[in-house]
Amino acid sequence: MNLGMYKPGQGYWTRVLTAVGASGLAVGAAFWINSELLPKFAGEVSSRDKSIVWAAVLGATALGLWLVLNTPRVVEFMIATESEMKKVDWPSRKTLFVMTSVVIGSLFTLAILVKVIDAAFTLLFQLIHIL
């Protein structure tokens with residue numbers, strides 16, 4: 001078993017952001033286990049037991065991430081992903097603002113249209129005594 005990093009320096013940001021996301025999920029899992037799961041099965045839980053759960057969940061996550069993020073197949077995928085993201089033609093700030101405004105405006109227009117149609121059908125159904 002090789003404990004060194006496979007292809008260090010390549011796919012760095014993809015690995016880091018994957019580790020950050022998985023760590024956030026692990027913290028949420030540890031919090032859920034301590035606040036919801038343990039009290040249901042063990043009743044009153046000591047702070048020592050909670051610390052053990054935190055250490056176990058975060059330690060297992062760290063070990064799992066190290067093993068998965070150093071697997072050649074996964075690393076090759078992350079390197080390819082990072083290189084493809086560098087090829088993306090990102091919009092300018094102004095273009096992004098305009099596109100976002102169009103999407104939000106369209107959503108509000110659609111919401112108003114659905115509300116008007118809903119009100120019209122409600123009125124129609126009240127007139128013919130279905131509602």
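Note on K87 and S47: their simple-model spin labels are 5.4 nm apart, each label 7 Å out from Cα toward Cβ.
Placing +1 on the Cβ of every Lys and Arg and -1 on the Cβ of every Asp and Glu, with nothing else charged, gives the chain a dipole about its Cα centre of roughly 300 debye.
Rounded to the nearest 10 degrees, the angle from helix 12-32 to the longest Cα principal axis of the chain is 80 degrees.
Compute the separation of the alpha-carbon centres of region 84-106 and region 1-76 and state it in Å as a whole number. One Cα centre to the other: 34 Å. Taking a ≥ b ≥ c as the square roots of the eigenvalues of the Cα gyration tensor, region 1-88 is prolate, since a/c reaches 1.5 or more and a/b is larger than b/c. Remark on region 90-131: Rg and Dmax equal 17.7, 55 Å (Cα only). Looking only at S51, S83, S101, which one moves most when the chain is put into a Gaussian network model with springs between Cα atoms under 10 Å? Evaluated over the chain, the most mobile residue of the options is S101. Between S101 and T71, the simple spin-label model (points 7 angstrom out along Cα→Cβ) gives 4.7 nm.
Values in this text are rule-based calculations from the coordinates and carry no lab data. Everything quoted here is computed from the prediction, not taken from an experiment. Don't worry about glycine lacking a Cβ; one is built from the backbone with ideal geometry, like all the others, and counts go over all protein chains shown.
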